[in-house]
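Here the structure is laid out as structure tokens; the discussion comes afterwards.
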Amino acid sequence: MNLPEHVTLIEVGPRDGLQNEKNEIPTEIKIEFIKSLKNAGFKEMELTSFVSPKWVPQLKDAEEIIRYCTDEHRNIVLTPNEKGVELAKESKCDSVAFFVGVSESFNLKNINRTTKESMASLLPVIRQLKAEEFFVRACISTSFYCPYEGRIHPDDVLTICQQFADAGVDDLSVADTIGMANPLEVFELFSQLKSRFPDVLLTAHFHDTRGMALANIFAALQAGVDRFDTSAGGLGGCPFAPGATGNAATEDVLGMLHALNIKTGINMNQLFKAVELIEPHLAGAIQSKQYHLNKRANAVK
Ligand code: HMG
Ligand code: MG
């Protein structure tokens, strides 16, 4: 079986998780959550987004989060446009992620631009950021299914990834935004991406709407992917993708990877502590299996 010795997990809970949270979470709690996650060993994390506070009020404290949580590791901030890049530069960020939907309808709902408009405006910005030695990641949403348009053709994903790669991005994060992909579709798309973009980091980003995220991660591992976006507690979802639930839960992914003897450098007990810290502030319940197993085991002791 084709399994790597080491997998990198990019923790996206503070961004993908908290952008979709119904409760207003105090900035100090977010900062504690991020620091606690960092103590678990994550070297790459999406901390927050510079997006319109009218569209995503949950992340309106982005500047403070960056100020108090940036460390020597890779601290990524999402931006949808030129204004986001300006704010990221003012905050001295050195790692920026852009996000574009393969589906026009989704991109319009999420960013208020067509996919073509987004690409036309972002590609020169990315070239400039690369000239200034930024780390640039491109998140490609609705790479399998769109809540408005249905199945997405893999060729359309490859075309967008090619444009980003030509502009010099470091990392392609290819996303199943609404958690509809199945392991066969995942294996096929990631196999193509792996052979077409051997010099770009390739990350898989799965939402777990139908309980398929772990199976999809296993399929992506078989295709040679060794980087995954995951979210502590399984938090997450895009406010503009109806029906999408949380990301693959970091602790469940970690449980599977460690059972397969794949190293991650992440400490599970410290990860549980981070989830415990954020849990009382959330409107909904934590869904991840490993977290509840651990709680039950501790209650019996
Ligand atoms: P718009 O209304 O067309 O923008 O929204 P605008 O240019 O007309 O500006 C409107 C207001 O927003 C102005 O303020 C701007 O200054 C301000 P006003 O004059 O009204 O006071 N503004 C900003 N403020 C802060 N940061 C900015 C920014 N840009 C404008 N960067 C816009 C367009 C892109 C701003 C809006 O649609 C937006 O913010 N969208 C963000 C949507 C979002 O965050 N979605 C979730 C992240 S993507 C995701 O979760 C998917 C992913 O996880 C992968 C997957 O699972 O698929 C990555
Ligand atoms: Mg997402």
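The numbers here are math on the coordinates, done by the rules we state, and not lab data. All values reported here derive from a predicted model rather than from experimental measurement. Every residue, glycine as well, gets a Cβ built from its backbone with ideal geometry; the counts of neighbours run over all protein chains shown.
A few remarks follow.
- Considering the range 60-126 at the alpha-carbon level, its Rg and Dmax are found to be 13.1, 38 Å.
- Full-extension gain in nm, Arg151 to Thr114, via 0.36 nm per residue minus C-alpha separation: 11.5 nm
- Interchain or long-range residues, amide H under 5 Å from Phe99's placed H: Thr79, Cys139
- For the chain, leaving out every one of the GluC sites (Glu not before Pro) that falls in a DSSP loop and has at most 14 other Cβ atoms within 10 Å, the longest unbroken run is 150-301.
- Note on the chain: Cα Rg divided by 2.2 N^0.38 Å, N the number of residues, gives 0.92.
- Trypsin sites (Lys or Arg not before Pro) within the range 74-115: DSSP coil, no more than 13 neighbouring Cβ in 10 Å: Lys92
- Euclidean distance between Cα centres, the range 100-152 to the range 215-269, Å: 22 Å
- Members of Lys22/Lys263; Lys43/Lys295; Lys43/Lys301; Lys83/Lys130; Lys54/Lys92; Lys43/Lys130 lying beyond 29 Å, as alpha-carbon distances in this model show: Lys22/Lys263; Lys43/Lys301
- Computed about the Cα centre, the dipole magnitude for the range 171-286 is approximately 120 debye when only Lys and Arg (+1) and Asp and Glu (-1) carry charge, each at its Cβ.
- Using a Förster distance of 30 Å, the FRET efficiency for Glu132-Lys194 (Cβ separation, nearest 0.05): 0.55
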